[in-house]
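Engineer: Shown below is the structure under consideration.
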Amino acid sequence: MDRFWTPWRFDYIRGADSAPSCVFCRILGERRDAENLVLYRGRAAFVLLNLFPYTSGHLLVVANRHIRLLGDTLPEELHEIIDLGRRCEQALQAEYGPEGYNLGFNLGRSAGAGVENHLHMHVLPRWTGDSNFVSVVGETRVLPEELPRTYERLLPHFGPC
Ligand SMILES: [Zn+2]
């Protein structure tokens with residue numbers, strides 16, 4: 001894995017020392033949304049910037065409940081997760097105008113899930129010429145924009161929580 005100077009990553013690692021083991025449950029409980037880059041809180045799911053983004057605008061839609069699989073969701077939870085995926089797409093389209101998207105779930109460690117026990121959907125904007133999604137998951141990338149700037153740009157598109 002390549003290493004780059006990424007201050008948000010350092011904060012993330014430092015903050016994890018004394019926290020519960022699940023980072024999504026911790027963020028949900030903390031109510032420090034700007035610091036944690038949470039863009040929106042819904043009834044059944046929330047949206048935040050991926051702390052280890054592959055490209056600018058790499059978002060996550062996370063179930064509020066600590067559940068592992070799609071089979072663990074209630075219909076209204078699944079509906080809200082997909083609906084928030086739509087809102088992510090619309091926000092990214094307005095702000096970044098990518099040429100395409102990957103939306104998807106990595107379920108379980110062997111599938112590449114970074115937080116394997118808490119269901120989340122990746123929303124990844126794509127441009128022609130960027131690398132294959134699957135081959136780059138888990139690697140650090142050089143980013144064209146820092147996370148706080150991405151947060152500033154996308155936040156107005158999600159409206160009040
Ligand atoms: Zn959790």
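The values are calculated or read from the model by the stated rules, or taken from the named source; none is laboratory data. Small disclaimer: the values here were computed from a predicted structure and weren't measured. In this analysis, Cβ positions are derived from the backbone assuming ideal geometry, glycine residues included, and neighbour counts consider all displayed protein chains. The accessibility values were calculated without ligands, DNA or RNA, using every heavy atom of the protein model including side chains. Shrake-Rupley method; radii C 1.70, N 1.55, O 1.52, S 1.80 Å.
Engineer: Only one of P75, P7 is more than 16 Å from the chain's Cα centre (by Cα), of a type outside the set (A, V, I, L, M) and modelled with pLDDT of 95 or more; which?
Structural biologist: The unique qualifying residue is P75.
Engineer: Taking V47 and the conditions (1) under 19 Å from R26 (Cβ atoms); (2) hydrophobic (A, V, I, L, M, F, W, C); (3) open to solvent by 10 Å² or more (accessible area, probe 1.4 Å), which numbered condition does it fall short on, given that it satisfies the others?
Structural biologist: Unmet for V47, out of (1) under 19 Å from R26 (Cβ atoms); (2) hydrophobic (A, V, I, L, M, F, W, C); (3) open to solvent by 10 Å² or more (accessible area, probe 1.4 Å): (3).
Engineer: Sort out for me the strands (runs of 3 or more DSSP E) sitting completely within the range 18-123 that have 3 or more residues that are more than 14 Å from the ligand (Cβ to nearest atom) and touching a residue at least 60 places away in the same chain (Cβ under 8 Å).
Structural biologist: Hits in the range 18-123: 38-41.
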